[in-house]
Structures are given as structure tokens and as C-alpha cells.
Amino acid sequence: MSTEPDDTQRPGPAAPAPAAAPAMSGISIRHMPFAWFWPALAGALVALLLRIAFSGGPGQRFSAMLGSFIYLAPAVCGAVTVYMAERIGRRSWGYYLWMPWISTALFLAGTLAIFIEGLVCAVVIIPLFAFMGSLGGLAMGIVCRVTNWPRPALYSFALLPLVFGAVEPQWPNPEQVSGTSRTLFIAAPAERVWHELNNAQGIRPSEVGDAWAYRIGVPMPVAGVTQDTPEGRVRKVQWQKDVHFDEIITEWRPLQRVKWRYRFSPDSFPAGALDDHVVIGGHYFDLRDSAYTLTPHEGGTELRIDVSWRVSTRFNWYADRVAQFLLGDFSEHILRFYRARSETAAAAAA
């Protein structure tokens, strides 16, 4: 029997261990220019796709005014942003809250760039979108830290707007009616103020343009003139961008009080004059009535305006506060407009 060692039985050199797979695209992404920006861009693109999907008409499935879009689309935007960032590296709790602000801002900018959203809606919805984006980012940050299934969670999260968007229109829409009042003293007699209220023509942008509603894109008024018609007194109103509508006078006490309800026709708001899914008098928002009350005082007249409106959304708590701010600010500016015109005319007459 041979005593030579059998080479076939000798342990050979250890096989080289397989090379470690490079960290996902983390290393490459981390060293790309503007690496911080890509997660936000990814979140914005996903939300933009949701906005394109939510192109239904008012009251229909997948309308952009449904609560399933208003609440969940920015939340998905924030969740995608944080998920993509976590794939690159661990982020802080503060990152989960503030980075979705950037992605939701990019999302809204994208809707404006491709003309599927108007400036008015984009501006007024920014605070709510930023808040919901932070909630979505925080939720995804928690999932990434305490579970091993962030991707399935993200997919499930992204489907929620589509699921609820299909069934939400079957539920009754809540309705809320609110109003606001403002008062201003005018150093002019009631006769002069009454005349200006019923014969406002040639309104210049410089006379009303500081109101926030006009700053964010609502067309400015051009004229408002009371006329006698076969159906009674009607105030004919014209705004910029060919907007026009009637104010049907329901109370008429010369030199004391005038009140009207609003009447909008199908062509009152040409396409593009306002955001088409939130047209005044539409499914989600309506002006109900307005009134001016004149009270004579020594040296002039106290003029009060009362405005009421309706909001019908899943986020009335937010929409009504926006209406309170914009219509309250409008009321203050329109009173100043009538004060300036009345006092100027009274001084010229004197």
C-alpha cells in the first residue's frame, strides 16, 4: 500500500468568497450631482401621475376635488420621497417631515407646467398638501425603521387613492354655509355712496388689485351696474377674462340697504378664467348672496357688507377657512374701493 499522500484528498486553497454586491444604487446615487434632489423628484412624479389619473369631472369618480385625492395624493408623494431617500441611507426624523414639502411643491409646479391645474387652486392648497406630505413621509419613515417590508407598504399606500377615488362619489357630499361681515366709515353722504354701489364702472386694477383673491389669479372686476329689467332690478357684473354674471336684487331700500343673490350662466366663466373644477356656482363652491347696509353718521356714512357662501367638499374644515380669509379680505378691499370713489366724488362736488 502506498504511503504517499493522495493529492486528491488534500484540502485545496479556500475558494474566494463572492464579492459583496455594491450597495444598491445607493453609492452611485449618493455621488450623483444634486443627489438630495432625486427622492423629492420621484415623489413629485408619482403624485403627478395620480393627478393625471384624477381627471374626472365634478362629482364624478376620480375628481381632483375628492378627499381621496386631496388627502392621500400628497401623503403618497411624501411616502415615496422618504422611501427613495431611505434606500440611499438612513435619514433623520426631521427629514421625514420637511423633505416632503419640497416634493409636494415640485408636484404642484408640475401640475401648473402641464396646465392641468390653475394658479388659484395650487396656491390655496399648498399648506394642506405640505401637511399631508409630512404625514406620509413620517409614516414611511416609521415603516422603514421598524419593519422589513417598506416596499409592500408603499405599494399598498399608493393604491389607496385609486381605491377610494372609485367609490367616494357614492357617498353624500357634506355641505357647509358660512358668511362674513365688514364695516367701514366713509366721509361722504349716503346719496353718494348709494350711487357708487349701483353704478361702479371702469374699475381699474389699481383700485382693487391688492386683494389676495386677485393676487392669486381671480379675475378683477371691471363694472357692476344696477339695471331695471322685466324681471326686476338686476346688477350686471363684468370681470376681466370675459367673466360676467347677474346679481338678482332681492331687497331694495334706497339709501339704506340693497341685497342680491347670484345667478351664473353656463358661459359666465369662460374656459381658463378660473380653475374649471372649482367654478363659482359649481359643485364644490358657490356664492349665495351679498348685502350692503348704509347707516348715516355725522360727517359721513357707515357702510357694511355681508357675504355668504357654500362649500361642499370632504375637506370643508379647510376650504371654509380659505373662503373666510379670501372673502373677508375681498370685503375689506371692496369697501375701500367704494370709500375712495365716494369721497373723491363728494370732494369734487364740494
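The values are calculated or read from the model by the stated rules, or taken from the named source; none is laboratory data. Keep in mind that this is a model prediction, so the values were computed, not measured. Cβ: placed from backbone, ideal geometry, glycine included. Neighbour counts: every protein chain shown. Ligands, DNA and RNA are stripped out before the accessible areas are found, and what is left, the full protein with its side chains, is counted by its heavy atoms. Shrake-Rupley method; radii C 1.70, N 1.55, O 1.52, S 1.80 Å.
Overview of values
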read-out	value
Neighbourhood net charge (10 Å Cβ-Cβ; Lys/Arg +1, Asp/Glu -1) for P39	+1
Highest-MSF residue in the chain out of A113, A139, A79 [GNM, Cα springs under 10 Å]	A113
Distance from the range 266-325 to the range 91-114 (C-alpha centre basis), Å	31
Estimated vicinal HN-Hα couplings, Hz - the range 120-129 in sequence order (Karplus 6.51, -1.76, 1.60; Gly, Pro = x)	4, 5, 4, 5, 6, 8, 3, x, 5, 5
Solvent-accessible area, 1.4 Å probe, carbon plus sulfur percent, for the range 169-224	52
Candidates P230, P254, P205, ranked by Gaussian network fluctuation over the chain, Cα under 10 Å, top entry	P230
Range in the chain, longest, excluding exposed GluC sites (Glu not before Pro) [loop by DSSP; at most 10 other beta-carbon atoms within 10 Å]	1-230
Karplus-derived HN-Hα couplings along the range 297-312 (A = 6.51, B = -1.76, C = 1.60, θ = phi - 60°), whole Hz, x at Gly and Pro	9, 4, x, x, 9, 8, 10, 10, 10, 10, 10, 10, 8, 10, 10, 9
Cβ-based net charge around A122, under 12 Å, with every Lys or Arg adding one and every Asp or Glu removing one	-1
Other-chain or far-sequence residues with amide H under 5 Å of V222's (modelled H)	Q238, W239, Q240
Cα-based Rg / Dmax (Å) for the chain	30.1, 138
Amide H partners (placed H, <5 Å) of E302, local residues excluded	I186, T295, H297
Sum of side-chain charges, S342 neighbourhood, beta-carbon under 10 Å (Lys, Arg +1; Asp, Glu -1)	0
Per residue accessible area in Å² of the chain, where ligands, DNA and RNA are left out and the probe is 1.4 Å	52
Estimated dipole of the range 102-218 in Debye, rounded to 20 [Cβ of Lys and Arg +1, of Asp and Glu -1, Cα centre]	420
Accessible area in the full protein assembly, largest first, 1.4 Å probe, for R253, R235, R263, R204	R204, R253, R263, R235
Rel. contact order, % - alpha carbon contacts under 8 angstrom, at least six apart, the chain	17
For T250, distant residues with modelled amide H under 5 Å away	K259, W260, R261
Whole-Hz couplings from phi, Karplus 6.51/-1.76/1.60, listed for the range 251-257; x for Gly and Pro	9, 9, 10, x, 6, 10, 7
Accessible area (Å², 1.4 Å probe, nearest 10) - Y71	60
